[in-house]
Amino acid sequence: AAMVQKYQSPVRVYKHPFELIMAAYERRFPTCPLIPMFVASDTVNEYKSEDEAIHVIERRCKLDIDAPRLLKKIAGVDYVYFVQKNSLNRQERTLHIEAYNETFSNRVIINEHCSYTVHPDNEDWTCFEQSASLDIKSFFGFESTVEKIAMKQYTSNIKKGKEIIEYYLKQLEEEGITFVPRWTPPVACKLESSTSHPRRPVSPAINIPDSATKESLNNKEILNTSSSPSEPTAGTPDDKLDADYIKRYLGDLTPMQESCLIRLRQWLQETHKGKIPKDEHILRFLRARDFNIDKAREILCQSLTWRKQHQVDYILDTWNPPQVLQDYYAGGWHHHDKDGRPLYVLRLGQMDTKGLVRALGEEALLRYVLSINEEGLRRCEENTKVFGRPISSWTCLVDLEGLNMRHLWRPGVKALLRIIEVVEANYPETLGRLLILRAPRVFPVLWTLVSPFIDDNTRKKFLIYAGNDYQGPGGLLDYIDKEIIPDFLGGECMCEVPEGGLVPKSLYRTAEELENEDIKLWTETIYQSASVFKGAPHEVLIQIVDASSVITWDFDVCKGDIVFNIFHSKRAPQPPKKDSLGAHSITSPGGNNVQLIDKVWQLGCDYSMVESPLICKEGESVQGSHVTRWPGFYILQWKFHSMPACATTNLPRVDDVLASLQVSSHKCKVMYYTEVIGSEDFRGSMTSLESSHSGFSQLSAATTSSSQSQSSSMISR
């Protein structure tokens, strides 16, 4: 089976000018003592432009790969040859390197692309980036061994790349070379161009060589955009991660871990239209799935949809916990542990879980726990700034003093399990350590009930102390500073956490009351969900009176692929009949599915398309708007997207046939929100519109509209 491995590096910034970096880079050839496996290199081809601005050199490099003797014997080679083509443009100050393997090229395909460019915000710094792909078609039955060797060699060389440049920079410095002049055009050009002075582009931040005025417009644009910091063009650090930032805010990652983070982030930028969680949060999902990018993407997308559905982003700002919780929920934040992690103290033994569930219901309790987790994310970020190192999880101290049979009340345990499940799914890798203190005799019973629901990675972080063991060696003092050990544990620090106690029965509510309360809590969401079937799209009617209104939409494709359309019609569609769903109504009791466009209507005659169709893949999140030109009826439509058969043969692909066999693949789910804004409120400003309802306010730094992000994702591709 063919395996394709991909690698994408962060941006590495050298705080030296491009020309000096080039001088250092050139010293790697023909051989380099720092790369023992790089045995030799010969120049195969070379081209220089007359003005010396362009220099292209192609080399054949001989590598002695560190592979088992046996494998070399089977393969019948001692050395592996690569072809490396370097294209230097001194005028634009770029070096592009492309490399591929010549040996075994019919069995293994290796492609690498590297670039050295000028830093967009500082013309005396240089950026380096590299990406590569490895595709092993066949290797005498040793495919996975070869893959492991190749990946190991490759990642160890990535780390070396920086050392090598720094080594030669130091060597240059010792020889007294600390400055290499920039390329300037030959004198002959200068005289001609002095006549064209008035046309020189005004761009103070960058020193444009004179001949650039005669260059194509394209060049001019590159130079101009990079000098205006307001526009995020491709390659600005805004949409790329640089190595120093990763080390400071995210921690020490291996090259492959960095690559997974960057690729997942890029995918989110292209599909989630600007509503992207923070890097440290993306990283948590990758860690939770051992950096398997597909598995991490799946759980992250589910979580993003869940956040949006339940408005989790607004929880800290908009939700006030009921008084009962403030009085009887015995938990709260309390300084930080020795590692700088925020510390959460929970006096579970003092807490009347049964009373809380009876007085509040499961939902309000869950809501409260979510707000605690959101606060935890915020505190991690805060501590990362304060302590000057990445802190991505918190420590939880649970005091079980007072735990009794009452805590084993089934509905209470059920509520606890559900809370654990939701937290595990949406806040992975946030628990750094869990200290369980003063565990009583009934604890093992509770533990056997709860532990199956807890992820293995998380369970390893549990430390359990019976009785007063926590005061002994290996106890609390190893993890928490003496000054902040809470008073109720014999410490000297006043702890503000409520003491809990029994919830008065007068506050209990009937099952019906709680039921209604729960429904109210979860329907506070502004989103509606709809089902879309093959042959049965979901349609929403919007009547416009004032011609220049703005229709805005924001939707997530939770399942399946769909096509989104917006139509205009002068006459009102017939209200949908209740039984218009036909067979589908049986299968989807909760699924909202409405057709408005009459089967006899003709496109272009009875109604017209006002925006071009947008294909949206599963997991995508889309925001957009349409300025209406005419009054009348607008119809938003989400339609099942059926894969086109292969264009060349007209025969369906195997995947498509398999997909069509799965019944579930005929049903898509969409969660949407629409709003009409009058032109006077709109003030023509796209930005005010876009920020009005972004699904992930807390998690995302910036929100872009679908029109903007369409173009920016094109750039980042």
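The values are calculated or read from the model by the stated rules, or taken from the named source; none is laboratory data. Quick caveat, the model's predicted, so the values are computed rather than measured. All Cβ positions, glycine included, derive from the backbone under ideal geometry; neighbour counts span all protein chains shown. Surface areas here come from the heavy atoms of the whole protein model, side chains and all, with no ligands, DNA or RNA. Shrake-Rupley method; radii C 1.70, N 1.55, O 1.52, S 1.80 Å.
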### Query
Ser664 fails exactly one of the following numbered conditions: (1) at pLDDT below 85; (2) more than 30 Å from Ser303 (Cα to Cα); (3) loosely packed, with under 13 Cβ neighbours inside 10 Å. What is the number of that condition?
(2)
### Query
Would segment 171-181 turn up any residue that is of a type in the set (Val, Ile, Thr), at pLDDT 90 or above and loosely packed, with under 13 Cβ neighbours inside 10 Å?
yes
### Query
What are the residue pairs meeting all of these: first residue in segment 393-406, first residue over 17 Å from Glu499 (Cα atoms) and without any contact (Cβ under 8 Å) to a residue 40 or more places away in the chain, second residue surrounded by fewer than 21 Cβ atoms within 10 Å (Cβ to Cβ) and of a type in the set (Val, Ile, Thr), Cβ atoms under 8 Å, and 6 or more apart or on different chains?
Met405/Val442
### Query
In segment 473-489, how many are at pLDDT below 90 and either small (Gly, Ala, Ser) or closer than 15 Å to Val345 by Cα (or both)?
2
## Note on the structure
Within segment 558-573, residues assigned to a loop (DSSP other than H, G, I, E, B), open to solvent by 20 Å² or more (accessible area, probe 1.4 Å) and farther than 19 Å from Gly604 by Cα come out as Asp561
### Message
Among the residues that make up segment 491-498, is at least one of them in a strand (DSSP E or B) and over 22 Å from Asn404 (Cα atoms)?
### Response
yes
### Matching option when the condition is of a type in the set (D, E, K, R), open to solvent by 60 Å² or more (accessible area, probe 1.4 Å) and under 25 Å from Ile262 (Cα atoms), among Lys148, Lys137
Lys148
### Message
Give all pairs with beta carbons closer than 6 Å in which a residue from segment 459-472 that is at pLDDT below 85 meets a residue that is of a type in the set (D, E, K, R); count only pairs at least 6 apart in sequence or on separate chains.
### Response
none
### Query
Is it the case that Gln309 is open to solvent by 60 Å² or more (accessible area, probe 1.4 Å), touching a residue at least 24 places away in the same chain (Cβ under 8 Å) and not hydroxyl-bearing (Ser, Thr, Tyr)?
yes
### Query
Is one or more of the residues making up segment 364-379 modelled with pLDDT of 95 or more, within 23 Å of Ile282 (Cα to Cα) and of a type in the set (Ser, Thr, Tyr)?
no
### Message
Six or more apart or on different chains, Cβ atoms under 6 Å: show the pairs whose first residue is in segment 500-517 and surrounded by 11 or more Cβ atoms within 10 Å (Cβ to Cβ) and whose second is outside any helix (DSSP H, G or I).
### Response
Gly500/Ala330; Gly500/Arg347; Gly500/Met351; Leu502/Asp352; Val503/Asp352
### Query
Which residue pairs have Cβ atoms under 6 Å apart, sit 6 or more places apart or on different chains, and have a first residue in segment 319-334 that is modelled with pLDDT of 90 or more and a second that is among the aromatic types (Phe, Trp, Tyr) and assigned to a helix (DSSP H, G or I)?
Leu325/Tyr368
### Query
Is at least one residue of segment 8-24 over 16 Å from Tyr167 (Cα atoms) and open to solvent by 50 Å² or more (accessible area, probe 1.4 Å)?
no
### Query
Taking segment 269-302 on its own, how many of its residues are without any contact (Cβ under 8 Å) to a residue 24 or more places away in the chain and in contact with a Cys (Cβ under 9 Å, 6 or more places away or on another chain)?
1
### Task
Return the total of residues in segment 263-305 being over 11 Å from the mean Cα position of the chain (by Cα) and closer than 22 Å to Arg379 by Cα.
3
### Task
Select from segment 41-70 the residues that are of a type outside the set (Lys, Arg), surrounded by 15 or more Cβ atoms within 10 Å (Cβ to Cβ) and in a strand (DSSP E or B) and list them in ascending order.
Ser41, Ile54, His55, Val56, Ile57, Glu58, Cys61, Leu63
### Query
Tell me, which strands (runs of 3 or more DSSP E) wholly within segment 323-412 include 3 or more residues that are surrounded by 20 or more Cβ atoms within 10 Å (Cβ to Cβ) and β-branched (Val, Ile, Thr)?
none
### Message
Tell me whether segment 434-452 contains one or more residues that are in a loop (DSSP other than H, G, I, E, B) and open to solvent by 50 Å² or more (accessible area, probe 1.4 Å).
### Response
yes
## Note on the structure
Going through segment 453-468 in order, the residues found to be part of a loop (DSSP other than H, G, I, E, B) and open to solvent by less than 80 Å² (accessible area, probe 1.4 Å) are Ile454, Asp455, Lys461, Gly467
